[in-house]
Amino acid sequence: MRKIRIGNGYDVHALAEGLPMWLGGVRIEHNKGFVAHSDGDVLIHALCDALLGAVGRGDIGLHFPDNRQEFKGIDSKILLKRCMGWVCEQGYEVGNADCTIVAQAPKLRPYIDRMRETLAPLLGVSTDDISVKATTTERLGFAGREEGVAVYATVLLFQK
């Protein structure tokens, strides 16, 4: 029987006017974007944490610290590729990923299919194996006040 592992990830970034917003490797049209050392893609960062956690390799901050110039403005898809490399090195492959974006605005439904199409090849799965959902907090908390966006991600890994 193949060994399985589950990983959970969570990330938050603050929002500010005039910055780009990247989610799931897709540029989102909005008047606010993420305050971050990298491109701030909270969905990919949560996925990285989930993958790293599943194979016992710590978290994204351990491997890609925000005080290192080499990661300044980096495309988070590059970080995800590196995390997948470590997953594969340890003999695992992704079974599926489930992600929930917590944001009051903008409406994300028009972007979700593109996110899944962008993430699938990076994770080595089909789009059917990736779920991306978006929800609001009914204007409660930092997400509801549009001060930031949070993402929860869960991955299931199978031993090759």
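Structure values in brief
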item	result
Residue among Tyr152, Tyr111 that alone is in a helix (DSSP H, G or I), among the aromatic types (Phe, Trp, Tyr) and under 15 Å from the mean Cα position of the chain (by Cα)	Tyr111
Enumeration of residues in the stretch 1-59 that are in contact with a helix residue (DSSP H, G or I) (Cβ under 6 Å, 6 or more places away or on another chain), modelled with pLDDT of 95 or more and polar (S, T, N, Q)	Asn8
Residue in the stretch 78-88 that is of a type in the set (Lys, Arg), surrounded by fewer than 17 Cβ atoms within 10 Å (Cβ to Cβ), touching a strand residue (DSSP E or B) at 6+ places or on another chain (Cβ under 9 Å) and at pLDDT 95 or above present	no
Selection status of Leu157, under 17 Å from the mean Cα position of the chain (by Cα) and assigned to a helix (DSSP H, G or I)	no
Criterion: part of a helix (DSSP H, G or I), at negative phi and open to solvent by 10 Å² or more (accessible area, probe 1.4 Å) - qualifying residue of Glu93, Glu70	Glu70
Which listed residue, of Gly24, Gly33, is surrounded by 15 or more Cβ atoms within 10 Å (Cβ to Cβ), touching a Leu at 6+ places or on another chain (Cβ under 6 Å), of a type outside the set (Lys, Arg) and more than 18 Å from Arg82 (Cα to Cα)	Gly33
Count of the stretch 36-60 residues which are surrounded by 14 or more Cβ atoms within 10 Å (Cβ to Cβ) and over 16 Å from Ile101 (Cβ atoms)	10
Leading residue by the ranking (least open to solvent (accessible area, probe 1.4 Å)) among those in the stretch 117-141 that are free of Cβ contacts under 8 Å to residues at least 40 places away in the same chain, part of a helix (DSSP H, G or I) and at negative phi	Ala120
Among (1) open to solvent by 70 Å² or more (accessible area, probe 1.4 Å); (2) in contact with a Lys or Arg (Cβ under 9 Å, 6 or more places away or on another chain); (3) without any contact (Cβ under 8 Å) to a residue 24 or more places away in the chain - the single one Arg2 does not satisfy	(3)
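The values are calculated or read from the model by the stated rules, or taken from the named source; none is laboratory data. Keep in mind it's a predicted model, so treat the numbers as computed, not measured. We place every Cβ from the backbone using ideal geometry, glycine too, and count neighbours over all the protein chains shown. The area values use the complete protein model at the heavy-atom level, side chains included, leaving out ligands, DNA and RNA. Shrake-Rupley method; radii C 1.70, N 1.55, O 1.52, S 1.80 Å.
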